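Read the structure below first, then the notes.
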Amino acid sequence: MKGEEKMVDLSTQYLGMKLKNPIIAGSSGLTDSVKGIEELEKSGAAAVVLKSIFEEEIALEYDDVLKEASKGGLNMDQFDYYDFHIKGEKLARYTALISESKKAVSIPVMASINCVYSHEWTSFAKQLQTAGADALELNMFFLPSDFERTSEEKEKAYFQIIEKIQKDVTIPVALKISYYFSNLGPMIQKLSETGIAGLVLFNRFYSPDFDIDKMEVVPSNIFSSPSDLSISLRWVAIMAERVNCDLAASTGVHDGKALIKQLLAGANAVQVASTLYLNGKNRIAEMLQTLEEWMAEKGYGSLADFRGKMSQAKSLSPSAYERVQFMKYFGGIS
Ligand SMILES: Cc1cc2nc3c(=O)[nH]c(=O)nc-3n(C[C@H](O)[C@H](O)[C@H](O)COP(=O)(O)O)c2cc1C
């Protein structure tokens, strides 16, 4: 109505939960303390994914203690003791983070497990649910540098883990994956049909660089840059109408425009990490403001009015999403 400011509704559905807006603080060091999570809620985040609990880390620590113990002659009593003690300590810290965060904030708190082997998972997952996690994100990735296992074997592991975990927890499960699959589109589709509630496209990983003076391997580019958006944007747009679960976009969402693009591609929500480290937590409010203003300008009252409008399925030129060569744009550059 003339003269009246029309409020836009930023709420979205993700993993069966109603989020007040589409910005989730992704799993990172910013979500590994109650204080950090409280700050994120104050800054406008609609939900948080806790820093992952690393199954591998627990397993390694466990191995070290077992090695130590075996020097003194290991017996089964000790085994049980260490088993209980080590896992108990790491898990107790993590479950305390869940239950304390749940008391401190009103936004959904999702737990995250970094899964490496399938055998340890289920016991972790149940405890995270009991501690009060609203959902569980499985951060799963096998670097394709293992020359012993075929791609079929590696892919099978994903389905085995999902099957196992679904027997043990009743909270929604999301799967956060990489784009390192030989047949990415069909793989994402197959994963979405396993009964999981959501897929996070994509995780970004620690990558090595070389220090040529010290001759050492060092971390490179811990944070993403805005140009890293393109891979997840393409795949959210391609998969949006082809999956049987929600989609959250992750990697390279640094500002409000990138958020709008991912919603247009068909994402239910976005996850942000690097931009919060680089630009501060207030970036969330700025992004929401950009979204709100853009929606008002376009006359959209809710996210449903435009979500997926630029997905490949709705596009008049679907081949644009699959173009991979530069010939047209850089024809003059040799
Ligand atoms: C410092 C840091 C720590 C992270 N730790 C985790 C983690 O424990 N588990 C996980 O699934 N992702 C982790 N991530 C990945 C982020 O959740 C996110 O998927 C990735 O950084 C891409 O999003 P961005 O471009 O917004 O940073 C981490 C990222 C950063 C920068």
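Taken together, the values in this text are just the output of simple stated rules run on the coordinates, not laboratory data. The structure displayed is predicted, hence computed values, not measured ones. Note: ideal-geometry Cβ built from the backbone for every residue, glycine included; neighbour counts use all protein chains shown.
Annotations
- Net charge contributed by nearby residues that have their C-beta within less than 12 Å of Glu241 (K/R +1, D/E -1): +4
- With θ taken as phi - 60° and the Karplus curve 6.51 cos²θ - 1.76 cosθ + 1.60 applied, the whole-hertz 3J(HN,Hα) list for the stretch 303-309 is 5, 4, 5, 9, 4, x, 4 Hz, x standing for glycine and proline.
- With a cut-off of 11 Å between beta carbons, the residues surrounding Ser274 carry a summed charge of +1, where Lys and Arg count +1 and Asp and Glu -1.
- The residues neighbouring Thr251, those whose beta-carbon lies less than 15 Å from its own, together hold a net charge of +1 under the Lys/Arg +1, Asp/Glu -1 convention.
- In a DSSP loop and with at most 11 other Cβ atoms within 10 Å, the chymotrypsin sites (Phe, Trp or Tyr not before Pro) in the stretch 293-327 are Phe326.
- Cα shape, the stretch 215-318, gyration tensor, a/c 1.5 rule: oblate
- Placed amide H near Leu175: partners under 5 Å, 5+ positions off or other chain: Leu138, Gly198, Leu199, Val200
- As a rough footprinting exposure proxy, the listed residues Ile177, Ile37 were ranked by other beta carbons within 10 Å of their own, and the order from fewest upward is Ile177, Ile37.
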